[in-house]
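The values are calculated or read from the model by the stated rules, or taken from the named source; none is laboratory data. Since the structure is predicted, the reported quantities are computational estimates derived from the model, not experimental observations. Glycine gets a Cβ as well: all are built from the backbone with ideal geometry, and neighbour counts include every protein chain shown. Heads up: the accessible areas ignore ligands, DNA and RNA and are worked out on the full protein's heavy atoms, side chains in. Shrake-Rupley method; radii C 1.70, N 1.55, O 1.52, S 1.80 Å.
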Amino acid sequence: MKIVWVALLTTILTLTGCSGGGGSSEPSTATSGTTGGTTSTPSITTSAATIIEGNAGTVNLDFTVNLSEALTEPVTVDYYTADGTATAGSDYTAISAATVIIPAGSTSATATVTVMGDTLYETDETITLHVSSSSHASLGSVAATGTITNDDTAPSVSIANASIAEGNAGTSNMTFN
């Protein structure tokens, strides 16, 4: 009697209904890894970012979009921005819908937001990057804070000494600069 054991482990991951705030997700499939005989579902997370604003022109505020494990095909991630204490149009360029692609075999990609420089003294400002959907992965931490660090000198106030002759009658105004 001959017994033949054949084991085939193929995991098909199907995601539907991943949405949040600014987009939707179409059902999709991707080959995922396994751990100890159980299927692991890759997930998307984002990391906080910081940039010094500069005095003119623009700089890039780069957020890292992470995939918990590499897949055999590219993963698309849709994102958008929202004001925190920074204001779209004057502090940064708003993004209503954009996509970043994590290449097959990779675990991260960069989502870039354009920040506008100025010479105004202000407190550090924030924006939020939101992930709205992804192909082939679930959504983990789907919002990250971007900080625009002020690099301008705080204005100062000073006052100069003043003197005036007293006079013999009436009043006189003393002017301080």
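Looking at 33, 20, which one is open to solvent by less than 30 Å² (accessible area, probe 1.4 Å) and modelled with pLDDT under 85?
33
Please state which one of 154, 104, 86 is assigned to a loop (DSSP other than H, G, I, E, B), open to solvent by less than 80 Å² (accessible area, probe 1.4 Å) and modelled with pLDDT under 95.
154
Being modelled with pLDDT of 90 or more and either assigned to a strand (DSSP E or B) or over 18 Å from residue 91 (Cβ atoms) (or both): is that true of residue 146 here?
yes
Name the residues in segment 117-151 that are surrounded by fewer than 18 Cβ atoms within 10 Å (Cβ to Cβ) and among the aliphatic types (A, V, I, L, M), would you?
120, 143
From the list 98, 104, 111, 82, which one is of a type outside the set (Val, Ile, Thr), touching a residue at least 60 places away in the same chain (Cβ under 8 Å) and more than 16 Å from residue 149 (Cα to Cα)?
Among 98, 104, 111, 82, only 111 is of a type outside the set (Val, Ile, Thr), touching a residue at least 60 places away in the same chain (Cβ under 8 Å) and more than 16 Å from residue 149 (Cα to Cα).
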